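Notes to accompany the following structure.
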Amino acid sequence: MPDDMVDAHINGVRNAMAAGWSVLARGGAALDAVEEAVVIMEDDDTFDAGRGSFLNRDGKVQLDALIMDGSTLRAGGVGCVERLRNPVRAARKILSESPHVYFVAEGAERFAAEHGVELCKNEDLVIAREVERLREYQQDTAGQEGKDLFAPAISHDTVGAVALDAAGNIAAATSTGGTLNKAPGRLGDSSLIGCGCYADNLSAAVSTTGWGEPIMKLVLAKWTADRVMSGNLPEWAAQEAMNYLKQRLNGHGGIIVLNGLGQVGIAHSTPRMAWGSKTEKKEEVGVEREESGVQG
Ligand code: ASP
């Protein structure tokens, strides 16, 4: 995150947190809170989700999202959608109104439209900043196609939320435009259950960001939730997940973790990650997080 984008990220996170909190404050469900928080960030073109996302190799926005309910383990995911402003809304419809967990591409758009989610044009999701970013990237990497060009610079700004409600239920949601210049049809970790997102009342609600391929190979959100299930603090599990990602596959990323007791873990192995956390007593936002040193 460049210096001149820090304020925009902080504002975006603050707005998302306010939307999620307003659901929780009136006694609403964690599932609704994470959906509303993620919608705000999808609508904010600061982030790599919804409008303003990274463009794929063809210059199109292609979006993935997942939402999961920790109380029932119901989940809804969309992958490679091109005509949805808010993929998390479609994911939520899948969770609530379908016996399935995933819909992808046109099938997902058709499902969304049939369930009252309005479709848009792909061009409505594309902004000038991203057209320029893709142009520069393709110019700089010409002749290197097929090489492993992943770096923190091209996989960041995915959005996610975790919440605990008054009934004691937790939920998680993650939404992304994926990585810059990705091949059309490439699905990242964000919408994959247990990779970019997971929620189970018995363990934790988790959302991840970062270089998707290593994260999915390690099924990192579930890996982290399992550490919480076996009695570790979310704070420790979050940091361990980042260490594991680095040591095992030289991956990088960020993670937010929340258990049913309201204990939070936030960690990242990138220089910065915008994060926020709110309870009745305290609100915090930031872009950097010290390693906690907490023992499991
Ligand atoms: N994890 C996302 C992906 O690989 C990218 C990101 O988090 O920014 O699709």
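Once a ≥ b ≥ c are taken as the square roots of the eigenvalues of the Cα gyration tensor of segment 83-137, is the result rounded (a/c under 1.5), prolate (a/b larger than b/c) or oblate (a/b not larger than b/c)? Please report the intermediate quantities before stating the final value.
Details: a/c = 3.18, a/b = 2.46, b/c = 1.30.
Verdict is prolate for segment 83-137.
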Task: Label point at Ala113 placed 7 Å out along Cα→Cβ; residues across segment 76-100 whose backbone nitrogen lies under 14 Å - done: 82-85
Open item on the list: At 1.4 Å probe radius, can you tell me the per residue accessible area of segment 71-130 in Å²?
Closed with: 49
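Compute the length gained on full extension between Arg57 and Cys120: take 0.36 nm times their separation in residues and subtract their Cα-Cα distance, giving the result in nm to one decimal. All intermediate terms of the calculation are to be shown ahead of the outcome.
Working: separation 63, 0.36 × 63 = 22.68 nm, distance 2.04 nm.
Once the chain is fully extended between Arg57 and Cys120, it gains 20.6 nm.
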TODO: Work out the FRET efficiency for Glu106 and Glu136 from their Cβ-Cβ distance, taking R0 = 30 Å, and round it to the nearest 0.05.
DONE: 0.45
TODO: Note down the nm distance, to one decimal, between modelled labels 7 Å out along Cα→Cβ at Thr72 and at Ala167.
DONE: 0.9
- [ ] Sort 116-123, 273-280 for me by packing, meaning the mean count of neighbouring Cβ atoms within 10 Å per residue, highest on top.
- [x] 273-280, 116-123
Open item on the list: Given R₀ = 30 Å, what would the calculated FRET efficiency be for Asn15 paired with Glu97, taking r from the Cβ atoms and rounding to 0.05?
Closed with: 0.60
- [ ] Using only protein heavy atoms and a 1.4 Å probe, report how much of His156 is accessible, in Å² to the nearest 10.
- [x] 50
TODO: For the chain, with a Gaussian network of springs between Cα atoms less than 10 Å apart, report the residue from Ser53, Ser96, Ser190 with the top mean-square fluctuation.
DONE: Ser96
Task: Accessible area (Å², 1.4 Å probe, nearest 10) - Leu218 - done: 20
Open item on the list: Given a 1.4 angstrom probe, I'd like the percentage of the accessible area of segment 222-281 that is carbon and sulfur, rounded to a whole number.
Closed with: 47
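Going by the alpha-carbon gyration tensor, a ≥ b ≥ c the square roots of its eigenvalues, is segment 1-75 rounded (a/c under 1.5) or, if a/c is not under 1.5, prolate (a/b greater than b/c) versus oblate? The partial results should precede the final answer.
Values: a/c = 3.09, a/b = 1.40, b/c = 2.21.
Oblate, because a/c is 1.5 or more while a/b does not exceed b/c.
Grab the DSSP H runs of the chain that are 4 residues or longer, score each as -39,500 (n - 2.57), total them, divide by all residues and round the 222 nm result to the nearest 500 deg cm²/dmol. Write out the running numbers ahead of the final one.
Values: 8 runs with 100 residues, N = 296.
One gets -10500 deg cm²/dmol as the mean residue ellipticity at 222 nm.
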TODO: In nm, give the distance between the simple-model label positions of Glu280 and Ser230, each being 7 Å from the Cα along the Cα-to-Cβ direction.
DONE: 3.5
Task: Label-point separation in nm, Glu288 to Leu202, each point 7 Å along Cα→Cβ - done: 4.1
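Express as a percent, rounded to the nearest 5, the fraction of DSSP beta bridges in the chain (both residues included) that run antiparallel. Could the numbers behind the result be given before it?
Values: 35 of 39 bridges.
If I count the DSSP bridges inside the chain, around 90 percent turn out antiparallel.
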Open item on the list: Just to confirm a number: summing +1 for Lys and Arg and -1 for Asp and Glu over residues other than Ala172 whose beta-carbon lies under 14 angstrom from that of Ala172, what do you get?
Closed with: -4
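Please label the shape of segment 46-176 as rounded, prolate or oblate, based on the square roots a ≥ b ≥ c of the eigenvalues of the alpha-carbon gyration tensor (a/c under 1.5 means rounded; beyond that, a/b larger than b/c means prolate, else oblate).
On the way: a/c = 2.37, a/b = 1.72, b/c = 1.38.
It is prolate, given that a/c is not under 1.5 and a/b is the larger ratio.
What translational diffusion coefficient, to the nearest whole µm²/s, does the chain have by Stokes-Einstein, given a Kirkwood radius computed over alpha-carbon pairs, a temperature of 20 °C and 1.002 mPa s viscosity?
Details: Rh = 18.5 Å.
Estimated via Stokes-Einstein, D reaches 116 µm²/s.
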TODO: Report the residues of segment 1-18 in range of a label on Arg129: point 7 Å along Cα→C-beta, backbone N strictly under 13 Å from it.
DONE: 1-13
- [ ] Quick one: compute a quarter of the convex hull surface over the Cα atoms of segment 188-262 and quote it in nm².
- [x] 4.0
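The values are calculated or read from the model by the stated rules, or taken from the named source; none is laboratory data. A quick note: this is a predicted structure, and the numbers were derived from the prediction, not measured. Note that each Cβ is placed from the backbone with ideal geometry, even for glycine, and that neighbours are counted across all protein chains shown. Quick note on the areas: whole protein, heavy atoms, side chains included, nothing else; ligands and nucleic acids left out. Shrake-Rupley method; radii C 1.70, N 1.55, O 1.52, S 1.80 Å.
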